[in-house]
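S.K.: I have a structure I would like to understand better, so I am pasting it below and will then ask my questions one at a time.
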2 protein chains.
Amino acid sequence: MRYVIGIDIGGTNIVVGTVAEDGSDVLGLVSQPTISEQGADAVLERIAKLARASMAAARGKEIAGVGIGSPGPLNTTTGVVLLTPNLGWTNFPLRDRLAHALDLPATLDNDANCAIFGEWWRGAARGVRHVVGLTIGTGIGGGIVLDGEVYRGASDIAGEIGHMTIELNGRRCKCGNDGCLEAYASGPAIAARAVEGIESGATTSLPQYVNGDLRKITAQLVYEAANDGDDYAYEVVKDTARFLGAGVANIINIFNPEVVVICGGVTLAGDRLFGPLRGEAKRRAFKPAVDVCRIVPGALTGTAGVYGAAAVFMRRTWGRV
Amino acid sequence: MRYVIGIDIGGTNIVVGTVAEDGSDVLGLVSQPTISEQGADAVLERIAKLARASMAAARGKEIAGVGIGSPGPLNTTTGVVLLTPNLGWTNFPLRDRLAHALDLPATLDNDANCAIFGEWWRGAARGVRHVVGLTIGTGIGGGIVLDGEVYRGASDIAGEIGHMTIELNGRRCKCGNDGCLEAYASGPAIAARAVEGIESGATTSLPQYVNGDLRKITAQLVYEAANDGDDYAYEVVKDTARFLGAGVANIINIFNPEVVVICGGVTLAGDRLFGPLRGEAKRRAFKPAVDVCRIVPGALTGTAGVYGAAAVFMRRTWGRV
């Protein structure tokens with residue numbers, strides 16, 4: 001049994017694990033904050049240290065290589081990260097730098113592609129032909145797996161589902177477009193909508209969670225308040241479900257997948273989110289398409305990207321996972 | 001050289017041609033109104049007559065089979081049309097009925113899939129890996145060709161790009177959803193928006209084109225008036241371009257294709273439409289994705305579906321086109 005190191009680089013945290021080639025096990029799962037402000041070299045060194053720590057925990061196993069998942073846009077052929085606003089990298093040869101530091105062959109792919117490929121390989125979408133997924137956090141990423149292969153498009157940009165316009169003249173998105181799904185349903189967007197309602201006079205206990213400092217309201221706090229019975233927070237969750245439901249309906253009408261998988265912190269909202277989300281998708285999408293599609297939360301909380309990054313390496317190197 | 005009959009069934013017209021296996025030629029191109037009110041049997045008989053007329057024009061050639069493109073939803077495996085609101089068919093075994101009538105093997109696929117596959121094989125998207133297309137007429141169909149293969153999804157429903165929500169609480173669509181692209185930019189939707197503006201007091205010569213009977217305004221008349229210098233009609237075209245541009249931007253962000261091809265009567269509006277459409281797509285989509293994508297009108301006016309239906313037969317039967 002060979003093992004592959006899976007590396008999931010996020011804007012907040014780096015997660016690394018050593019994954020068995022049959023996906024049955026992940027050894028030496030380790031994590032540290034990204035601290036991108038320290039610059040690319042410091043982050044690279046931190047990633048290499050985490051990888052060495054993970055390998056140490058997998059002592060005695062044959063390590064065949066490294067799969068890296070990173071925010072993009074990036075080039076999967078050259079292994080270069082072209083631009084990551086969150087990490088501050090430009091034309092950074094991440095794959096080869098890390099391969100050199102660890103003296104192992106490496107592959108690079110988009111973080112959301114890795115997460116959804118991980119869910120396809122070992123998670124909530126195991127065994128299906130077509131799965132499309134969203135990773136909801138600071139932004140909304142998307143991954144597309146068709147016939148069991150990551151779909152990357154003409155230049156590795158495919159899958160930017162979070163930047164689908166769902167409201168023509170809607171909320172301004174960080175990408176420069178108006179009305180992107182991400183501008184409504186990313187973590188910060190959920191918090192922003194909650195704060196806007198409070199500032200407009202909504203009755204809610206949410207300010208008590210942050211001692212009145214509304215800047216400290218997060219999506220997680222909104223879910224917490226909704227779970228604690230706060231009606232307003234629950235309304236914010238239901239609005240989020242409607243926005244996501246419209247986006248998911250679009251995915252269903254376009255891809256007719258067996259599974260739409262939704263990953264990230266938003267899944268903490270549980271059925272309070274997924275109930276109205278499924279209802280909205282059902283209301284909007286074509287019946288014969290929505291009838292064959294499961295809409296589910298990711299099953300590999302915190303490790304989907306690690307599994308998927310390793311799986312991309314295996315697929316690229318050995319032609320299979 | 002073998003030949004395949006390509007059949008393109010539309011809500012208004014049926015077009016049939018006999019296509020050379022290398023795509024170099026189409027013989028016996030014939031067309032008739034569909035007249036779906038006469039019922040499925042009458043339409044089937046009309047299709048068979050057209051096919052025989054086309055074969056007669058291709059006398060002496062070896063005819064290997066029949067490729068059929070039909071509105072859906074349909075099942076490409078069983079060859080059954082499940083439901084076509086425009087044609088009034090329910091669970092109609094179109095492929096086998098026609099194969100029997102013509103005594104030839106046949107394949108069935110969605111009309112928009114055929115049109116875009118035709119554009120990929122012999123038209124505006126020749127030679128590219130990934131093309132996504134829209135067919136704009138009474139409705140807005142969509143076809144997806146990835147790595148040179150029609151992408152059909154889990155149950156042959158994929159590609160319903162016209163039913164992508166672009167405005168959450170927008171115009172009601174015939175499909176039951178709100179804010180579909182089709183509700184803004186199909187032929188009837190373009191006419192409806194033009195009429196609404198006139199009824200709200202817009203200054204325009206459009207009513208003169210229809211002797212004051214606004215019900216007779218069509219999308220084609222709007223393009224004609226715009227070409228004749230009518231400012232209001234041009235505004236309607238530019239609005240159409242903006243709606244389509246948002247939809248195309250979504251396609252570009254999701255699929256990162258080399259080509260987005262737009263087929264149908266709307267292409268008559270020419271650069272008046274495609275100029276602002278490209279501008280809107282560029283404004284909304286990710287730069288590295290939009291930079292590698294051509295947005296073009298279909299090149300096989302009136303015959304894309306015939307070429308594509310024949311090509312689907314060839315691909316399914318011979319494994320190649």
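The values are calculated or read from the model by the stated rules, or taken from the named source; none is laboratory data. Computed from a predicted structure; not experimentally measured. Using ideal geometry, Cβ is built from the backbone for each residue, glycine included, and neighbour counts are taken over all protein chains shown.
S.K.: Need the failing condition index for B:Leu221 against (1) more than 14 Å from chain A (Cβ to nearest Cβ); (2) touching a residue at least 60 places away in the same chain (Cβ under 8 Å); (3) assigned to a helix (DSSP H, G or I), just the number.
M.R.: (2)
S.K.: If you don't mind, another one. If the requirement is being of a type outside the set (Val, Ile, Thr), touching a Lys or Arg at 6+ places or on another chain (Cβ under 6 Å) and closer than 30 Å to B:Leu74 by Cβ, which of these qualifies: B:Ala189, B:Ala183, B:Ala219?
M.R.: B:Ala183
S.K.: Answer yes if at least one residue in the stretch A:151-170 is more than 9 Å from chain B (Cβ to nearest Cβ) and either crowded, with 24+ Cβ neighbours inside 10 Å or modelled with pLDDT of 95 or more (or both), and no otherwise.
M.R.: Looking through the stretch A:151-170, none of the residues is more than 9 Å from chain B (Cβ to nearest Cβ) and either crowded, with 24+ Cβ neighbours inside 10 Å or modelled with pLDDT of 95 or more (or both).
S.K.: Is at least one residue of the stretch A:307-315 farther than 17 Å from A:His130 by Cβ and free of Cβ contacts under 8 Å to residues at least 40 places away in the same chain?
M.R.: No, that holds for no residue.
S.K.: Could you say which residue among A:Ala154, A:Ala158, A:Ala112, A:Ala124 is more than 18 Å from B:Phe286 (Cβ to Cβ) and in contact with a Pro (Cβ under 9 Å, 6 or more places away or on another chain)?
M.R.: Exactly one residue qualifies, and that residue is A:Ala124.
S.K.: Follow-up question, since we're still on this one. Please find, among B:Val237, B:Val266, the residue that is closer than 30 Å to B:Gly148 by Cβ and of a type in the set (Val, Ile, Thr).
M.R.: The match here is B:Val266.
S.K.: Residues in the stretch A:185-192: is at least one within 13 Å of chain B (Cβ to nearest Cβ) and modelled with pLDDT of 95 or more?
M.R.: Yes - at least one qualifying residue is present in the stretch A:185-192.
S.K.: Something else: Within the stretch A:277-321, can you find the residues that are farther than 28 Å from A:Tyr234 by Cβ and of a type in the set (Ser, Thr, Tyr)?
M.R.: Residues satisfying the conditions are A:Thr303, A:Tyr307, A:Thr317.
S.K.: For the structure I just gave you, tell me whether B:Ala299 is within 30 Å of B:Leu104 (Cβ to Cβ) and not in a helix (DSSP H, G or I).
M.R.: yes
S.K.: Can you name every residue in the stretch B:56-79 that is buried (at least 20 other Cβ atoms within 10 Å of the Cβ), within 14 Å of another protein chain (Cβ to nearest Cβ) and part of a strand (DSSP E or B)?
M.R.: Once the filter is applied, which keeps residues that are buried (at least 20 other Cβ atoms within 10 Å of the Cβ), within 14 Å of another protein chain (Cβ to nearest Cβ) and part of a strand (DSSP E or B), the stretch B:56-79 yields only B:Leu74.
S.K.: Here's a follow-up. Of the numbered conditions (1) at pLDDT 95 or above; (2) in contact with a Leu (Cβ under 6 Å, 6 or more places away or on another chain), A:Pro93 fails exactly one; give the number of that condition.
M.R.: So the condition that A:Pro93 fails would be (2).
S.K.: Restricting to the stretch B:256-296, name every residue that is assigned to a helix (DSSP H, G or I) and more than 27 Å from A:Cys173 (Cα to Cα).
M.R.: B:Gly265, B:Val266, B:Thr267, B:Leu268, B:Ala269, B:Asp271, B:Arg272
S.K.: When the residues of the stretch A:81-121 are narrowed to those that are surrounded by 19 or more Cβ atoms within 10 Å (Cβ to Cβ) and within 13 Å of another protein chain (Cβ to nearest Cβ), which ends up nearest to A:Pro33 (Cα to Cα)?
M.R.: The qualifying residue nearest to A:Pro33 (Cα to Cα) is A:Thr84.
S.K.: I would also like to ask the following. Restricting to the stretch A:130-175, what's the tally of residues that are of a type in the set (Gly, Ala, Ser) and within 18 Å of the chain's Cα centre (by Cα)?
M.R.: Result for the stretch A:130-175: 9.
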